Protein chains: 2
Amino acid sequence: MADSDSEEGLTREEMQQQEEVEPPPKRAKQDAFAKLMAPKPKSIPPPPKPPGSRPHLFKNRMALGAYIANPESYPASVVIYHNADFVVIHDKFPKATVHTLLLPRSPRHSLLHPFEALEDEQFLGKVKAEVEKLKVLVAGELQRRLGAFSRADASREAVLNGEADVLEGKVDEATEDGQDQDQDHGKGKSNRRNKEPALPSGRDWAAEIKCGVHAVPSMGHLHIHVLSRDMHSPAMKHRKHYNSFNTPFLVDVADFPLESSDFRRSSKDEGFMRRDLVCWRCGANFGNRFKELKDHLEREFEEWKRE
Amino acid sequence: MADSDSEEGLTREEMQQQEEVEPPPKRAKQDAFAKLMAPKPKSIPPPPKPPGSRPHLFKNRMALGAYIANPESYPASVVIYHNADFVVIHDKFPKATVHTLLLPRSPRHSLLHPFEALEDEQFLGKVKAEVEKLKVLVAGELQRRLGAFSRADASREAVLNGEADVLEGKVDEATEDGQDQDQDHGKGKSNRRNKEPALPSGRDWAAEIKCGVHAVPSMGHLHIHVLSRDMHSPAMKHRKHYNSFNTPFLVDVADFPLESSDFRRSSKDEGFMRRDLVCWRCGANFGNRFKELKDHLEREFEEWKRE
DNA sequence: TATTCCGATAGTGAC
DNA sequence: GTCACTATCGGAATGAG
Ligand SMILES: Nc1ncnc2c1ncn2[C@@H]1O[C@H](COP(=O)(O)O)[C@@H](O)[C@H]1O
Ligand SMILES: Nc1ncnc2c1ncn2[C@@H]1O[C@H](COP(=O)(O)O)[C@@H](O)[C@H]1O
Ligand SMILES: [Zn+2]
Ligand SMILES: [Zn+2]
């Protein structure tokens, strides 16, 4: 995983066409004369747009297909890795500090709705295994980005560097897991101890990572979101962005296979997206006021990265 | 009536206060924990705003009172004229090329709703007479501003200047009215004719002037709008501006006294304001799309002023 | 149906 | 619940030594 920051403003051109004839009367109550009296509108009712022939709609929704088809054609800042069954990319519009997408390449599953695709148990098994792999990777990337701010990591580093006693840093939990690929290659200070009965474990970065699918994806190809939970990113711009990752709209991969009666199957209708905005970290309720949530998340991020 | 263009951007300062506690939950469904878990919001619920003590609300609504009380303290660009019974001003936010307000000074009527105030027949008589006076003045001001573009006026001027035959210009209607205070002081060309059986009457500018009150005024002091009907002005900024002058929401002074059963008495509730936007000149319906109406009015104005 | 600022909401277009 | 753009809609403040 190399750098990221895939930031590029898409330039769009547009032509403003004035002069129309009859608007779709939202709450029509125009009298019949109006139409006859309207000489100004040069009357070019834009071809009644035959639904179905919208190339761009198809193209935009199918954008993830390009990564699946030609993963090797992208730089490391876009495609993180790929193998026979999966392509892993940085989300082009990350909604959190680290936001990746796991794209299964299986043509038999790629165009299915995630709920359906993940009913295939064998396939689900592969996906879950790859998700675990990716989760470790993402946790490592998060540590690479934010580790320098972490007090928990600092405690561990201090002990490893011999700058502090094991008793100075407050022990978070018992040391158990081992996702600490710190590259302390011999540059440890001189007075390192031999017996370290309570080396601080460092921050559990993996606990900050979420893995799931959207109940109603917009992009056509099957993809699993693997992202940090901070929701701190310039691309996180509106309520749906936030709620799509902080309500049951995001279905954890661990919850699959979904029971046929699962409530997330039926309630696809906007319900989750319309929920009040609630801070994932402290539970503060912001109603519909996205801007205030956004500002709040900025401050939460500053505290969170220092944990 | 001197110049106008009372254009001045009001400067406002504002202070953004972050950090709030509990939003008014639009569609509240936050659990009880949220409140307890919210340590971040520094909890300064802005003083629950005691309703009634809003000095600025009162002041803004009463702003027209200053003209009535001290008309002499304003320049001619603001107060057009004043006498014992009336003050006439340029609307500070004109919604058309020429937009004036007739302010009756009578304390017995000034704070009444216009429907009520104009039930006093003697008072109504004075108002109607003054409105007619003002209407002529406004028509003259409109001619001063736009006369140079008018083909109808040009026809008349051409004949008066001897530049054209009376038969060249197409006769609009029979010459009858006489609101033409053209200042053709002796600079007429040499070959002016004596007998002019069909001198073009010039444009009927008074026909472009509307005089009326709003069914539900916002400003507290009684005022009658006297304005050109073009709705072409930078201050004409949203739907309510337009519909307040182009629906029955504007009640013509000539319609007074209003019958007790008049439909405009009862339907004060937003009905008129919510109507589709319809061009006053050609009847084109723009639904809710104010911007398109605005652009359309720009083009209508170019044609209209050349009539 | 005062103005102004700001932000939430809604529709569109994307070759 | 693609993004990006525009515009509509909606509430809150408007004061001041
Ligand atoms: N061209 C693209 N390349 C990479 N990611 C994309 C692209 N377009 C959209 N996305 C992301 O794809 C995800 C689709 O979300 P969803 O379909 O709701 O699960 C969003 O997080 C987008 O930011
Ligand atoms: N301070 C002011 N001086 C002059 N006209 C004003 C002022 N404030 C508002 N107006 C105008 O007063 C009119 C009041 O409209 P209404 O109460 O709806 O009949 C509007 O046309 C405003 O533009
Ligand atoms: Zn919070
Ligand atoms: Zn028109």
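Electrostatic tally near residue A:87: other residues with Cβ closer than 11 Å to its Cβ, Lys and Arg +1, Asp and Glu -1, net -2. Which pairs break 32 Å Cα to Cα here: A:210/B:291; B:135/B:240; B:128/B:291? As for pairs spanning more than 32 Å Cα to Cα, those are A:210/B:291; B:128/B:291. Scanning residues 5 or more positions from residue B:287 or on other chains, those with amide H under 5 Å from its amide H are B:277, with H placed 1.01 Å from N in the peptide plane. For the pair residue A:263 and residue A:303, how long in nm is the line joining their label points, each one 7 Å along Cα→Cβ? Taking the two extended label points, one gets 2.8 nm. Peptide A:270-283 has a mean shielding of 3, counted as Cβ atoms of other protein chains within 10 Å of each residue's Cβ.
Among the residues of B:292-304, the average count of other protein chain beta-carbon atoms within 10 Å of the residue beta-carbon is 1.
Per residue of A:234-245, other chain Cβ atoms within 10 Å of the residue Cβ number 0 on average.
Ordering B:271-282, A:57-68, A:217-228 by mean Cβ neighbour count within 10 Å, with the highest value first, yields A:217-228, B:271-282, A:57-68. For residue A:113, the point set 7 Å out from Cα toward Cβ sits 5.4 nm from its twins in the other copies, listed from shortest up. Taking square-rooted eigenvalues a ≥ b ≥ c of the alpha carbon gyration tensor, is segment A:70-158 rounded, prolate or oblate, where a/c under 1.5 means rounded and, failing that, a/b exceeding b/c means prolate? It comes out prolate by the Cα gyration axes. Other residues lying with their Cβ under 12 Å from the Cβ of residue A:122 contribute a combined charge of -1, Lys and Arg counting +1, Asp and Glu -1.
Using θ = phi - 60° in the Karplus curve 6.51 cos²θ - 1.76 cosθ + 1.60, the 3J(HN,Hα) couplings for segment A:211-217 round to 9, x, 10, 7, 4, 9, x Hz; x is entered for Gly and Pro.
Label separation (residue B:113 vs residue A:270): 3.6 nm, computed from points 7 Å beyond Cα along the C-beta direction. For residue B:86, nonlocal amide neighbours, meaning residues 5 or more places apart or on other chains whose placed amide H falls under 5 Å from its own, are B:105. Relative protection proxy for B:102-108, A:202-208, B:297-303, from highest mean packing down: A:202-208, B:102-108, B:297-303 (other beta-carbon atoms within 10 angstrom). Distance between the 7 Å Cα→Cβ label points at residue B:151 and residue A:54: 4.4 nm.
Between segment A:90-137 and segment B:194-266, how far is it from one alpha carbon centroid to the other, in angstrom? Segment A:90-137 and segment B:194-266 have Cα centres separated by 65 Å.
Read-outs: derived from the displayed coordinates by stated rules, not from any lab. Here the structure is a predicted model, which is why all the values come from computation and not from measurement. Quick reminder, even Gly has a Cβ in these numbers, built from the backbone with ideal geometry, and neighbours come from all protein chains shown.
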